[in-house]
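Q: The structure under discussion is supplied below as structure tokens; questions concerning it will follow.
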Amino acid sequence: EMMFETENALHEGTVLTGRYYVDEDRPSYQQEKQRIGEMPEEPLAERYFDDSYEWERTFDNFLDKHK
């Protein structure tokens, strides 16, 4: 039944969001990735424009080489 509804929604051009299956005993994808260090706790996009972070942006390196 869920497969039929999914196929109909996709055929009609609906963008599917959400989760179909939830296992309460298993951490979410985000939690798993953060635990093994493959995903930061804070999104990188938020840090990019924060001047308090001391990390070099790619374009800064590029500009420094061409001064």
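Q: Test Tyr48 against the stated conditions and say whether it is of a type outside the set (S, T, N, Q) and surrounded by 10 or more Cβ atoms within 10 Å (Cβ to Cβ).
A: Yes; evaluated as a whole, the condition is true for this residue.
Q: If you don't mind, there's one more thing I want to ask. Need at least 3 residues that are of a type in the set (D, E, K, R), out of contact with any helix residue (DSSP H, G or I) (no Cβ under 8 Å at 6 or more places or on another chain) and at pLDDT 75 or above per element, so show me which helices (runs of 4 or more DSSP H) inside the chain make the cut, counting only ones lying wholly within it.
A: Output list reads 29-35.
The values are calculated or read from the model by the stated rules, or taken from the named source; none is laboratory data. Values in this document were obtained by computation on a predicted structure and should not be read as measured data. Neighbour counts are summed over all protein chains in view; Cβ atoms, including those assigned to glycine, are modelled from backbone coordinates with ideal geometry.
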